[in-house]
């Protein structure tokens, strides 16, 4: 089973991702900060990281750099739900 780590400042977003992907055979773990992500990524306990850009902004680019340093082979996708104001 493929394991996806969702790093997001919005728990509801992580819950939506889990709800959509779990029935398709993915194990989804949601964290609301990047501090617990390092060991999961380093020990290869995840196959993919979905990183919310808002969390990246809150914790700085260092969080993404740390994730990549732990295991450079794990794909990381940065997402955003930020909408430009009309």
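Ranking of 74, 6, 53 by neighbouring Cβ atoms within 10 Å, starting from the fewest: 53, 74, 6.
Is the C-alpha gyration tensor of segment 3-79 telling us rounded, prolate or oblate? Criteria: a/c under 1.5 is rounded; beyond that, a/b larger than b/c is prolate, otherwise oblate. Write out the running numbers ahead of the final one.
Values: a/c = 2.05, a/b = 1.20, b/c = 1.70.
Oblate, since a/c reaches 1.5 and b/c is not below a/b.
Given 0.36 nm per residue, what is the gain on full extension from residue 73 to residue 43 after removing their alpha carbon distance, in nm? Numbers along the way, then the final one.
Values: separation 30, 0.36 × 30 = 10.80 nm, distance 1.18 nm.
That works out to 9.6 nm of additional length.
Ordering 22, 9 by the number of other Cβ atoms within 10 Å of each residue's own Cβ, fewest first, gives 22, 9. Sorted fewest first by neighbouring Cβ atoms within 10 angstrom, 7, 31 come out as 31, 7.
Given contacts defined as C-alpha pairs under 8 Å and at least six residues apart, what's the relative contact order of segment 3-79, whole-number percent?
Working: 122 pairs, mean separation 27.9, N = 77.
Rounded, it is 36 percent for segment 3-79.
Given R₀ = 22 Å, FRET efficiency for residue 65-residue 1 by Cβ-Cβ distance, to 0.05? Mind showing how you got there, number by number?
Values: r = 28 Å, r/R0 = 1.28.
So the FRET efficiency works out to roughly 0.20.
Only the coordinates and a few stated rules stand behind these numbers; no lab work does. Given the structure is predicted, the values throughout are model-derived calculations rather than measurements. We place every Cβ from the backbone using ideal geometry, glycine too, and count neighbours over all the protein chains shown.
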